[in-house]
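Each remark here refers to the structure printed beneath this line.
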Amino acid sequence: MRRSLAFLCGVAALIVATPAQGQIARRVVVIGIDGLGAYTPRPSENPSLDGLRKRGAWTMHARGVMPTSSSPNWASMIMGAGPEQHGVTSNDWEPDAFDIPPSVSGPGAIFPTIFSLLREQRPSAKIGCFHDWDDFGRLLERKAVDRIEDGDGPDDTVARAVRYIRSDEPDFLFVQLDHVDHTAHERGYGTKEFYTAVAQADRLIGDLLGALEEAGILDETAVLVTADHGFPNGSKKHGGNTPAELEITWMVAGPGVRAGHEIETPVNTFDTAATIAWIFQLDPPEAWLGRPVLEAFDESAARTSAQRR
């Protein structure tokens, strides 16, 4: 199978990157894979995901929110709270058309996200968002982001993000991939085609890691990989009440992260925003429910984080 140079650089970087104990990331990259669910990487097929897991802290039992559809879960991930607070209760939600108003409103008249929080408290931060799902962009405050682009498929989405990494060396980058969910809807979760789609996502993660390495910023970047929801095995549908739909992958690697550590404390998708805020040492909104996943980090990194405040 032909591999890109960036992918090979990314995999190699996972092997050699060993940040000193006590350091903590100064940049964050989130890679969200729609429909991945609680997926355990296959080392031979998913070297990027497997490398991140070995180099970082992870759980395959993080939980999304109900309902197990995309908009409520993506919103909860970046808004640090659940649908009861942010009001994104279905894929029909729009900033100006909803059933439940947000408990508080921030910039853009929506519940505050990690994007606006970082912009408010670090005005000079370089922030980018590249998404494959057209509707993802409505979930955040577009004015808080320096670059937001809706890609034409996963390869184009990541190619755009790679160019942005090389040109701007962002402080915070969010990349959303949608093709795994599409494949599961069309062919079924856990099918051969599903695993092929995950392998494609893994290759694209390698491209992103390679770009970070080439830019010289991988060793100061926390890379967080997660999902919005899963599917029952073999199913083409989600949105129900099963553990397979609710549980998701959650893994983070980078400076100060415990290597090869399986997280035992409960993790919820809205803890993602809180963890990013903790890394950046931001004061979270009182309306957020999320808590930073401190078990993922070594004690010296936590002390370093406290000293940076």
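Structure data summary
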read-out: Inter-residue pairs, beta-carbon under 7 Å, first over 15 Å from Thr272 (Cβ atoms) and in segment 115-126, second among the small types (Gly, Ala, Ser), 6+ apart; value: Ser116/Gly106; Ser116/Ala144; Arg119/Ala125; Arg119/Ala144
read-out: Among the residues listed as Leu208, Leu246, Leu173, the single one being more than 30 Å from Met66 (Cβ to Cβ) and in contact (Cβ under 8 Å) with a residue 40 or more places away in the chain; value: Leu208
read-out: Which numbered condition Val65 misses (of (1) surrounded by 24 or more Cβ atoms within 10 Å (Cβ to Cβ); (2) under 13 Å from the mean Cα position of the chain (by Cα)); value: (2)
read-out: Inter-residue pairs, beta-carbon under 9 Å, first closer than 26 Å to Ser124 by Cβ and in segment 144-160, second of a type in the set (S, T, N, Q) and assigned to a loop (DSSP other than H, G, I, E, B), 6+ apart; value: Ala144/Thr113
read-out: In segment 232-262, the residues that are small (Gly, Ala, Ser) and in contact with a Leu (Cβ under 7 Å, 6 or more places away or on another chain); value: Ala253
read-out: Residue count, segment 81-124 (criterion: of a type in the set (Gly, Ala, Ser), part of a loop (DSSP other than H, G, I, E, B) and crowded, with 17+ Cβ neighbours inside 10 Å); value: 4
read-out: Hits in segment 237-267 - residues which are among the basic types (Lys, Arg) and closer than 21 Å to Gly32 by Cβ; value: Lys237
read-out: Qualifying residue in segment 282-289 (condition: within 22 Å of Glu220 (Cα to Cα), at pLDDT 95 or above and not in a helix (DSSP H, G or I)); value: yes
read-out: Extreme residue, nearest to Thr196 (Cα to Cα), among residues of segment 14-32 that are modelled with pLDDT of 95 or more and out of contact with any His (no Cβ under 9 Å at 6 or more places or on another chain); value: Ile31
read-out: All positions within segment 49-62 that are of a type outside the set (Ser, Thr, Tyr) and either within 12 Å of Glu262 (Cα to Cα) or buried (at least 22 other Cβ atoms within 10 Å of the Cβ) (or both); value: Leu49, Gly51, Leu52, Arg53, Lys54, Arg55, Gly56, Ala57, Trp58, Met60, His61, Ala62
read-out: Members of segment 216-266 that are part of a loop (DSSP other than H, G, I, E, B), among the small types (Gly, Ala, Ser) and either crowded, with 17+ Cβ neighbours inside 10 Å or in contact with a Ser or Thr (Cβ under 6 Å, 6 or more places away or on another chain) (or both); value: Gly230, Ser235, Gly239, Gly254, Gly256
read-out: Lone unmet requirement of (1) surrounded by fewer than 24 Cβ atoms within 10 Å (Cβ to Cβ); (2) under 17 Å from the mean Cα position of the chain (by Cα); (3) among the acidic types (Asp, Glu) for Glu193; value: (2)
read-out: Residue among Ala109, Ala62, Ala97 that is of a type in the set (Gly, Ala, Ser) and in contact with a strand residue (DSSP E or B) (Cβ under 9 Å, 6 or more places away or on another chain); value: Ala62
read-out: Any hit, segment 122-145, residues being among the acidic types (Asp, Glu), modelled with pLDDT of 95 or more, more than 16 Å from the chain's Cα centre (by Cα) and closer than 23 Å to Ile24 by Cβ; value: no
read-out: Cβ pairs under 6 Å, 6+ apart, first in segment 261-285 and among the aromatic types (Phe, Trp, Tyr), second surrounded by fewer than 21 Cβ atoms within 10 Å (Cβ to Cβ); value: Phe270/Leu289; Trp278/Pro292
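The values are calculated or read from the model by the stated rules, or taken from the named source; none is laboratory data. Nothing here was measured: the structure is a model prediction, and the numbers come from that model. All Cβ positions, glycine included, derive from the backbone under ideal geometry; neighbour counts span all protein chains shown.
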